[in-house]
């Protein structure tokens, strides 16, 4: 089973960027905003499939599923480009992910939301 690592995806996106050098915006902090917006555009395309075809079609119709997964891949590719724009490597990302995961595992969401709604 194929299971890409973050570091592999970063390297693949750098290869794709190098192949399209001069045609695509460079992976730099200055262009980070553009990559974020392009990623959101791709999210919108995934949302459109859900809205127009529904969850059932994504699960039951191979063509719809393929289109949906392709849009999610586009989102991930722009996400990886965004990491590269700000020189966030696999190690830094993995550390931050594990830290946030641990924090979320210790949270009591029900109490937090109850308190949040009480204070309004």
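Among the criteria (1) under 14 Å from the mean Cα position of the chain (by Cα); (2) more than 21 Å from residue 89 (Cβ to Cβ), the one residue 59 does not fulfil is (1). Filtering segment 56-65 for residues that are surrounded by fewer than 10 Cβ atoms within 10 Å (Cβ to Cβ), more than 30 Å from residue 15 (Cβ to Cβ) and in the same structural domain as residue 10 (by TED's automatic domain parsing) leaves a non-empty set. Taking the numbered list (1) in contact with a helix residue (DSSP H, G or I) (Cβ under 7 Å, 6 or more places away or on another chain); (2) free of Cβ contacts under 8 Å to residues at least 12 places away in the same chain in turn, residue 90 passes all entries but (2).
Scanning segment 1-50 for residues that are without any contact (Cβ under 8 Å) to a residue 24 or more places away in the chain, part of a helix (DSSP H, G or I) and in contact with a helix residue (DSSP H, G or I) (Cβ under 6 Å, 6 or more places away or on another chain) returns a single hit, 49.
The values are calculated or read from the model by the stated rules, or taken from the named source; none is laboratory data. Keep in mind it's a predicted model, so treat the numbers as computed, not measured. Because the Cβ atoms are built from the backbone with ideal geometry, glycine has one as well, and the counts that use them run over all protein chains shown.
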